[in-house]
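Visitor: Sharing a structure below in structure tokens format, with a few things to ask.
Any read-out appearing in this document is the output of simple, stated calculations on the displayed coordinates, not a laboratory observation. Note that the structure is a prediction, hence the values are computed from the model and not measured. Using ideal geometry, Cβ is built from the backbone for each residue, glycine included, and neighbour counts are taken over all protein chains shown.
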Amino acid sequence: MENIVIREATRQDAKGIATVHVKTWQYAYQGLMPQENLNSLSIEERMQMWSEILKTKPPKTQQFVAEFNGSIVGFCAVGTSRDKDANERTGEVYSIYIDSQLMRKGIGTKLLKKGLGELKSFAFSQATLWVLDTNRSGRNFYEKHGWKTDGETKTEKRNNFDLRELRYYKDLNDM
């Protein structure tokens with residue numbers, strides 16, 4: 001899509017990011033986690049979370065949005081790896097979500113490229129990300145872009161279920 005604009009996110013983008021975040025979870029994770037959990041997601045709560053993230057902006061972090069016709073249709077957040085076993089040269093793609101109506105149109109690729117470029121500008125030489133082990137669509141996307149699993153897994157306990165995730169990595173020097 002040629003009319004997509006990728007730019008740094010601002011605090012004014014919190015609602016747009018939150019809307020994409022919640023609606024994409026509700027679409028992409030159907031059948032992968034309890035529907036009651038997906039139904040309970042709140043745009044207002046996510047908006048508060050994103051407003052705080054965009055306000056505090058820790059060092060070596062960045063958030064980008066994708067705009068189409070003036071509306072936010074995707075976002076990507078990157079920064080220093082949060083993994084306990086990471087070294088100072090490891091960055092992380094924290095999140096990347098695209099409006100379900102516009103998936104598979106190149107927006108995710110543009111956001112990922114922008115995010116990885118930012119990680120390189122922070123002098124990271126490698127990047128990691130976490131993805132649900134059952135999210136075959138997401139895993140295919142990352143694998144298509146040269147990401148590989150490294151064997152690490154984690155399980156996040158939620159209210160009434162577990163989220164099992166796989167870690168992927170990418171050498172940023174190969175870009």
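Visitor: Counting only GluC sites (Glu not before Pro) that are in a DSSP loop and have at most 11 other C-beta atoms within 10 Å, tell me the longest site-free stretch of the chain.
Guide: Values: sites that count: Glu2, Glu88.
Result for the longest clean stretch: 89-175.
Visitor: Follow-up. Straight-line reach from Lys110: which lysines fall under 16 Å, measuring Cα to Cα and dropping same-chain residues less than 8 apart?
Guide: Lys120, Lys144
Visitor: Enumerate the calculated ³J(HN,Hα) couplings along segment 95-109 in order (Karplus 6.51 cos²θ - 1.76 cosθ + 1.60, θ = phi - 60°), each rounded to whole Hz, writing x wherever the residue is Gly or Pro.
Guide: 7, 8, 9, 10, 3, 4, 6, 10, 5, 6, 10, x, 5, x, 4
Visitor: Also: Tell me which aspartates and glutamates have Cα within less than 16 Å of Lys57's Cα, excluding those fewer than 8 residues away on the same chain?
Guide: Glu8, Asp13, Glu92, Glu118
Visitor: How long are the semi-axes of the equivalent ellipsoid of segment 35-103, taking √(5λ) for every eigenvalue λ of the Cα gyration tensor, in whole Å from largest down?
Guide: On the way: eigenvalues 117, 52, 37 Å².
Over the Cα atoms of segment 35-103, the ellipsoid semi-axes are 24, 16, 14 Å.
Visitor: On to the next question. Using θ = phi - 60° and the Karplus curve 6.51 cos²θ - 1.76 cosθ + 1.60, what whole-Hz ³J(HN,Hα) does each residue of segment 32-40 get, with Gly and Pro shown as x?
Guide: These are the phi-based 3J(HN,Hα) values: 9, 8, x, 4, 4, 5, 4, 5, 7 Hz.
Visitor: Using only the Cα atoms of the chain, what are the Rg and Dmax in Å?
Guide: In order Rg, Dmax, the Cα atoms of the chain give 15.5, 42 Å.
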